[in-house]
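A short write-up of the structure that comes next.
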Amino acid sequence: MTPAQAKKEIEQLTKAINYHNELYYQQNRSEISDLEFDSLLAKLATLEETFPHLRQPDSPTQRVGGTITKTFNTVYHKYPMLSLGNTYSQEELEDFDARVAKGLDDEDYTYFCELKFDGVSISLIYENGVLVRGVTRGDGIRGDDVTANVKTIRSIPLMVKGKDIPPLFEVRGEVFMPKHVFNQLNKEREDIGEERYANARNTTSGTLKMQDSSEVARRKLNCFVYFLMMDNIKTKTHEECIHLLETWKFNVSRTYQQCKDLHAVLAYINHWESRRQELPLETDGVVIKVNRLAQQQQLGYTAKSPRWAIAYKYKAESTSTRLNNITYQVGRTGAVTPVAELEPVFLAGTTVKRASLHNANEIARLDLHIGDYVFVEKGGDIIPKVTGVDLNKRNAETASVVYVDKCPECGTKLVRAAGEAAFYCPNVNGCPPQIRGRIEHFIQRKAMDIDSLGEKTIEQLYSLGMVTSPADLYDLRKEDLLKLEGFKAKSADNLLKGIMKSKTIPFENVLFGIGIRYVGKTVAEKLTRYFKTIDNIASASKEELLAAPEVGEKIAESVFEFFRSPENRNEIERLKIAGLNFVSTATEPEKESDILANKSFVISGVFQHYERDQLQELIIKNGGRILSSVSGKLDYLLAGDNMGPSKREKAEKLKVKIISEQDFENLMKGHSH
């Protein structure tokens, strides 16, 4: 392909992908499948690698991340990001309206109302139409530069096109994690035995400060913008600014409304009080702004907030009801979760009978007594949560709840590791919900993808003693399945076909499906690519496991202990005999040079400009080899920050060359070390 042909195709692909992005994130529509979209993106990335000088400033490939940011630089805001004053009643809003009228000398004015989103405030700076900086609110005067992470948010334009684009302008908005993404993320954390995140806002804030922008991209953050700022602005009203942002293809929530007076503002507030639950993110109120920009300037600011805007906060959707009991659920990893069993009460459109209590620490903090009247709130989670106790209604004869010390399912004494909030049942191979949970995890779409096998069927198979581990699935016969309620010849054949098809699933899915604690889908992919076979992973020492990309102490310890268990090793052997895939088919990077001439490397620690898997790929592409442990045959120990002392000591003892990141870059340039 000639450069001219590549240029034309890159332009067409960029335009098409940006179009589909806008359609999906701003209009909630899709004209192509995820697979087709990913195919377009992969094709563009390949062309840009071949012709890097043709990459456009708004290339969608920037959305996938890959930049590693060790520290976030502090940036001073050109326009301070002030907070808003809060109001909680109609009377307080009337006082605000009176102050506005007085400040404008009874001149006519209108309001502009927007929902107040519960996310993380962001400032987006554009120069000549190109996004150059994304900055968090911080203390309002200065924030953190999170540009690399902001660029992964697909609803934020990387380049603004159109007539009369100002040379410099700032857009403000709210970054958020959609409810369905947050719930899915918590499901994934449960899959690997991690505690659920408490709420979407805090999770969004933590995501924006991640060092690896590719991980941020996987979190699928979104952003609604609500403010345009620049010197010598030509628009007359805030409403015109919003429409201008829409014209420039920014993602604006269409929930706004111009209101001619306070009566219309109150109608808007009442309209959205219940309907806001239908939105893709949490909202906690309404922002009311004087619409005309000149009047905003006339009203001015206090030291902390504008006088021309205020936030009306909805009261938390909370109610009080009786705590009848606490039950305890046991998950796949053995984590025991307490659940409040409540006197049924109507809250936020549904009847609530159960609520989350999170863990033993939360029960102790609330000092719960059975029979207490508790306050219950319904937020973004599927299950409401208990937030407090109505002490005025407490019966003096009741005693504090004592957390169970034995598994409610199998009676085994519970354990709690140092530094962890959750109690666990250690009876991994004998506790029924753990066994069923492992099978359910094993057959899910991201693992073995046996979609014809559901939770009720697993329950039947387990209760009849036919399946007590994933390996038992591969011993099932048609006559076994015909004994199940609701199963006939066709459904039995479909299930057997699904089980047979799962034998072609790649190794990384199999490793994830096995259900090693803390090994999620991404870590499973890294481990299989690094070690190649299940036998290599099983025989690896903790030190060797730590050398793999994205494997820390907790994961290494969990994987190491998993393969020390005779029961687990036996299960793996049975799955091997069944024909599952335990060898990685991932291809090595295409060779670029022999500059490292078959030299061997062990990589350890944290690096300024590279992730460990990036260094591995560079070494392999340029003729080098990656070893998993330090030995006398090793050529180089590539040492980053926070490297374990044992590796360094062993390398020094064996007189292996220890090189820094800079030394490595010199090697890549052909300079000897």
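Readers should treat all values here as calculations from the given coordinates under stated rules, not as data from a laboratory. Quick caveat, the model's predicted, so the values are computed rather than measured. Heads up, the Cβs are rebuilt from the backbone with ideal geometry, glycines too, and the neighbour counts pull from every protein chain shown.
What number, rounded to the nearest 500 deg cm²/dmol, is the helix-based mean residue ellipticity at 222 nm of the chain, given -39500 (n - 2.57) per DSSP H run of at least four residues and division by all its residues?
The per-residue figure over the chain is -10500 deg cm²/dmol.
Residues whose amide H comes within less than 5 Å of that of Arg133, counting only those at least five positions distant or on another chain, are Ile125 (H built at 1.01 Å from N in the peptide plane). Cysteines in the chain that lack a partner Cβ within the 4.7 Å cut-off: Cys113, Cys223, Cys241, Cys259. Database remark: amide H of Leu347 closer than 5 angstrom to the amide H of Val352 (H placed geometrically; neighbours at sequence offset of 5 or more, or on other chains; Pro and chain starts carry no H). Our note on the geometry: Cα centres of region 538-602 and region 281-317, 55 Å apart.
Decide, for region 318-393, between rounded, prolate and oblate: order the square roots of the alpha carbon gyration tensor eigenvalues as a ≥ b ≥ c, take rounded if a/c falls under 1.5, and otherwise choose prolate if a/b is larger than b/c, else oblate. All intermediate terms of the calculation are to be shown ahead of the outcome.
Details: a/c = 1.84, a/b = 1.24, b/c = 1.49.
Taking the square roots of the gyration eigenvalues as a ≥ b ≥ c, region 318-393 is oblate.
For region 424-475 versus region 329-351, the inter-centroid distance based on Cα atoms is 23 Å. Taking every full run of DSSP H in the chain, none both stretches at least 27 Å from end to end by Cα along its long axis and averages 0.0 or higher on the Kyte-Doolittle scale.
Give the shape of the chain as rounded, prolate or oblate, defined through the alpha-carbon gyration tensor: a ≥ b ≥ c are the square roots of its eigenvalues, a/c under 1.5 means rounded, and otherwise the shape is prolate if a/b is larger than b/c and oblate if not. Cα axes put the chain in the oblate bin.
Close amide H contacts of Lys599 (hydrogens built in the peptide plane, cut-off under 5 Å, sequence separation of 5 or more or a different chain): Arg625. Number of Lys-Lys pairs in region 600-668 with C-alpha atoms under 17 Å apart and a separation of 8 or more places or on different chains: 7.
For Lys478, the lysines whose Cα falls under 29 Å of its own Cα, not counting residues fewer than eight places away in the same chain, are Lys446, Lys456, Lys488, Lys490, Lys497, Lys501, Lys503, Lys576. The lysines whose alpha-carbon is closer than 22 Å to the alpha-carbon of Lys163, local same-chain residues fewer than 8 away aside, are Lys15, Lys234, Lys236, Lys249.
For the listed peptides 7-20, 590-603, a ranking on the average number of other beta carbons within 10 Å per residue, highest first, reads 7-20, 590-603. Peptide packing for 520-526, 660-666 was compared via the average number of neighbouring C-beta atoms within 10 Å per residue; ordered from the highest value, the list is 520-526, 660-666.
Kindly put Lys647, Lys497 in sequence by how many other C-beta atoms sit within 10 Å of each C-beta, fewest to most.
Working: Lys647 22, Lys497 12.
Fewest-to-most Cβ neighbours within 10 Å comes out as Lys497, Lys647.
Distance between the C-alpha centres of region 362-423 and region 94-170: 42 Å, rounded to the whole angstrom. Setting aside same-chain residues fewer than 8 positions from Lys413, which lysines have a Cα under 24 Å from its Cα? Candidates past the 8-residue exclusion: Lys554. Would region 432-504 count as rounded, prolate or oblate if I go by the C-alpha gyration tensor, calling it rounded below 1.5 in a/c and otherwise prolate when a/b exceeds b/c, oblate otherwise? Since a/c reaches 1.5 but b/c is at least a/b, the shape of region 432-504 is classed as oblate.
Too long at a 19 Å Cα-Cα cut-off: which of Lys260/Lys304; Lys220/Lys521; Lys353/Lys378? Present the calculation step by step, with values, prior to reporting the outcome.
Details: Lys260/Lys304 27 Å; Lys220/Lys521 16 Å; Lys353/Lys378 12 Å.
Over 19 Å apart, Cα to Cα: Lys260/Lys304.
Summing Lys and Arg as +1 and Asp and Glu as -1 over all other residues whose Cβ lies under 14 Å from the Cβ of Arg477 gives a net charge of -2.
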